[in-house]
Amino acid sequence: MPAHSPYGPAVTSVLVIEDDEVIGRHLHTGLRGNGYAANWSRTGANGLAEAAHRRHDAVLLDLGLPDIDGMDVARQLRADHPDLLIVILTARSDEIDVIAGLDAGADDYLVKPFSLSVLLARLRAHLRRRPADAHTTRRPIQVGDLTVDPAARRCLAAGREVALRPKEFELLAALAGQPGIAVSREELMAQVWDANWFGPTKTLDVTMAALRRRLEAAETNPEQPRLPHIATLRGHGYRLEPPPD
Ligand code: CA
């Protein structure tokens with residue numbers, strides 16, 4: 001039975017499995033303060049139960065837990081959740097532990113003490129490479145004569161390549177994933193830019209304007225459009241409008 005996220009698909013959720021009160025609280029509040037949904041488990045058993053109960057994008061896993069060895073938790077998490085990002089947190093800087101952790105299924109590790117900003121940067125880098133719903137969003141999407149291929153990172157208009165900057169492409173892919181559906185500015189900021197989207201959102205307007213220009217330039221017959229266009233929904237966000245039949 002698949003676990004569901006209570007936060008919706010746009011928010012990145014992180015499970016912290018850490019028995020140290022100070023470190024656990026620091027991570028839990030730090031993640032929440034940076035736009036992530038975060039849960040905190042203090043034991044391995046509780047962490048595994050949390051992971052089974054709700055969908056998480058990433059787990060921060062302490063290796064020295066009071067009940068189950070962190071390596072075994074990592075192994076179990078990897079077996080149950082093949083797509084989960086697992087970052088082990090270890091005070092043991094011995095190379096052998098790091099290797100064993102990666103062999104147990106972890107994607108990355110951080111040696112304590114580490115700074116929150118380094119941790120957040122690592123998370124962002126990993127999650128960019130590994131979209132949460134990779135299986136559904138990485139297939140090519142066709143809207144009218146527009147093809148958006150997230151796996152190949154290509155955009156085609158009636159088979160001709162449309163050159164897009166990285167953020168323009170990601171923005172288009174986010175909208176094309178749900179044509180005809182309103183997508184809020186917050187959702188787009190969280191999906192296309194870092195999860196840390198509390199700052200000004202002018203960058204979204206600038207990128208959106210550039211993306212629209214490129215789509216308009218790629219339209220061969222503006223009288224009978226075959227490409228979708230992007231509608232602005234005042235006070236909410238945007239919607240990719242399929243061309244008329
Ligand atoms: Ca510990």
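The values are calculated or read from the model by the stated rules, or taken from the named source; none is laboratory data. Note that the structure is predicted; figures quoted are calculated from it, not measured. Neighbour counts are summed over all protein chains in view; Cβ atoms, including those assigned to glycine, are modelled from backbone coordinates with ideal geometry. Heavy atoms of the whole protein, side chains included, go into the accessibility calculation; ligands, DNA and RNA do not. Shrake-Rupley method; radii C 1.70, N 1.55, O 1.52, S 1.80 Å.
Structure notes:
- Mean-position separation - Cα centroids, region 134-194 and region 25-65, in angstrom: 30 Å
- When +1 charges are put on Lys and Arg Cβ atoms and -1 charges on Asp and Glu Cβ atoms, the dipole computed for the chain relative to its Cα centre reaches about 920 debye.
- Gyration tensor (alpha-carbon) shape descriptor, region 3-127, a/c threshold 1.5: rounded
- Here the chain yields Rg over Rh of 1.05, to two decimals, using C-alpha coordinates and the Kirkwood radius.
- Percent RCO, i.e. relative contact order, over the chain, from Cα pairs under 8 Å lying at least 6 residues apart: 15 percent
- In terms of accessible area, using a 1.4 Å probe and ignoring ligands and nucleic acids, THR90, THR232 rank largest first as THR232, THR90.
- A helix-only calculation puts the chain at -12000 deg cm²/dmol for mean residue ellipticity at 222 nm, using -39500 (n - 2.57) for each DSSP H run of at least four residues, averaged over all residues.
- Sequence-ordered 3J(HN,Hα) estimates for region 108-116 from the Karplus curve with 6.51, -1.76 and 1.60 and θ = phi - 60° stand at 7, 8, 10, 8, 6, x, 10, 8, 4 Hz, glycine and proline given as x.
- Surface calculation, 1.4 Å probe, protein heavy atoms: ILE96 sits at approximately 120 Å² accessible.
- Protection proxy ranking of 167-176, 147-156 - average other beta-carbon atoms within 10 Å, highest first: 167-176, 147-156
- Shape category assigned to region 147-245 from the gyration tensor of Cα positions, a/c cut at 1.5: prolate
- For region 61-110: rounded, prolate or oblate by the Cα gyration tensor [a/c cutoff 1.5]: oblate
- Percent of beta bridges antiparallel (DSSP, the chain, rounded to nearest 5): 45 percent
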